[in-house]
């Protein structure tokens, strides 16, 4: 378990490349286990300017976002799971990286769509989240939590519309179908097929913290997105000699 009182780690600049490295799930999970609290912000202007890749977790309240983050990082209380969904209204950042150097950041955005939250708070946070997803410069990937028993909600659809231009420009996008253990095998297959059609070219993975389903796949994908490979330099061709 990481020490919550430790000083923030030095932060490496992003490489800015989009190619993919191969990695084992053990390496990816070990990297995610290094997650530690970095900062919390009630508004965008309080977020630090970072150069390392940032991966944002979003989703409707009660979709299992906190459970997913805690399962991936193997830390039971890293992401706060409130007994009153929708009450946590801050953007929380968690630093990732070994040997004291931060090489990526996870952003836990507030859950949306919960009925008990006052309407003015819903509107305010929808705007904050939209601005974050549109303007956050170091944002490299978005992970959307979705309970496959309910499918995409209207607010999920709004979020997809907001991020679509950035996804078309290369932003990585993953839909995690949480609580997959609640479905039969046939229902899982159907939910996966439907979501692949709705994900607009993004990745889709089934996930269950209870059954340990999808953990290795998701961890590996996040590691690859945060650690793009340096493309191999193309060999320099020498002109052929011509005979007179």
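Read-outs: derived from the displayed coordinates by stated rules, not from any lab. Everything numeric here is computed off the predicted structure, so don't read it as measured data. Backbone-built Cβ (ideal geometry, glycine too); neighbour counts: all protein chains shown.
Would you order 197, 192 from fewest to most other beta-carbon atoms within 10 Å of each residue's own beta-carbon?
By the 10 Å Cβ count, ascending: 197, 192.
Tell me whether segment 35-226 comes out rounded, prolate or oblate; compute the Cα gyration tensor, take square roots of the eigenvalues as a ≥ b ≥ c, and use a/c under 1.5 as the rounded threshold.
Rounded shape, in that the Cα axes give a/c under 1.5.
Just to be sure I understand the model, the point goes 7 Å from the Cα along the line to the Cβ. What's the resulting residue 137 to residue 44 distance in nm?
1.3 nm
Starting from 0.36 nm per residue, how many nanometres of slack lie between residue 164 and residue 77 once their C-alpha separation is accounted for?
Result for the pair: 28.1 nm of gain on full extension.
Length gain on complete extension for the stretch residue 130 to residue 23, per 0.36 nm per residue less the alpha carbon to alpha carbon distance?
35.3 nm
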